[in-house]
Amino acid sequence: ATFANYNALPGGSYNLFANYTGDKTHAASKSAPVAVVIAAEASKVSVAPAFYDAATGNNFPTANGNVPYGFFVVTDIQPYGASSPVTGSGATATVVPDGVATGTVSLADGSSPLFAGAPLSSEGFYEDQRTTLALGAHNLTANYSGDSSFLPNTGSSGAFTIVQGASAVSLASSTATT
């Protein structure tokens, strides 16, 4: 007998059958159904803000956690299975989701709600494109509603600070001749 492992069924109830196609000696047959229930697994929620210069569109690295005021904030939110494999580490870590989450997400900045009940895309994520955030400390928290495959959970961006941007003044003079 050959056994196959298959781990891509979404959460839910299934009836599984074994089919034998037969050969010259034995007739084809089908087994009685076996009921299988796949429960939702624990989830994690990735909350990844990125900051873009409004004038140039360039991404701003936040190595020290400070971001100049006026930068666009784009936050990607992605729920995934807690058993999903991770490649790399630290800032270069990449999650390989073990399925596509459905459901909705809500986002808050500390205790201030930014939005609620936004549906995930068909790829299992949501992208919030916020113009700016106010000066001061921020920590974005996303709440995931859960679905038949993944349990509800919460994720956080980690702390960052919007600081006053640098200002520049340019003066020009002209001399008039008479």
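The values are calculated or read from the model by the stated rules, or taken from the named source; none is laboratory data. Note that the coordinates shown come from a computational prediction; the quantities given were computed from them, not determined experimentally. Ideal geometry is used to build each Cβ from the backbone, glycine not excepted, and the neighbour counts take in all protein chains shown. Just the protein is used for accessible areas: all its heavy atoms, side chains included, with ligands, DNA and RNA removed. Shrake-Rupley method; radii C 1.70, N 1.55, O 1.52, S 1.80 Å.
Applying 1/(1 + (r/R0)^6) with r as the Cβ-Cβ distance of Asn64 and Ala134 and R0 = 22 angstrom yields a FRET efficiency of 0.70. Each of Ala27 and Ala42 was given a label point 7 Å from its Cα along the Cα-to-Cβ line. The distance between the two points is 5.0 nm. Overall, the accessible surface of the range 1-136 at a probe of 1.4 angstrom is composed of carbon and sulfur to the extent of 56 percent. Springs between Cα atoms under 10 Å define the GNM used for the chain, and in it the highest mean-square fluctuation of Ala134, Ala82, Ala108 occurs at Ala134. Basic side chains Lys and Arg get +1 at the Cβ, acidic Asp and Glu get -1 at the Cβ, and with that the dipole of the chain about its Cα centre reaches some 220 debye.
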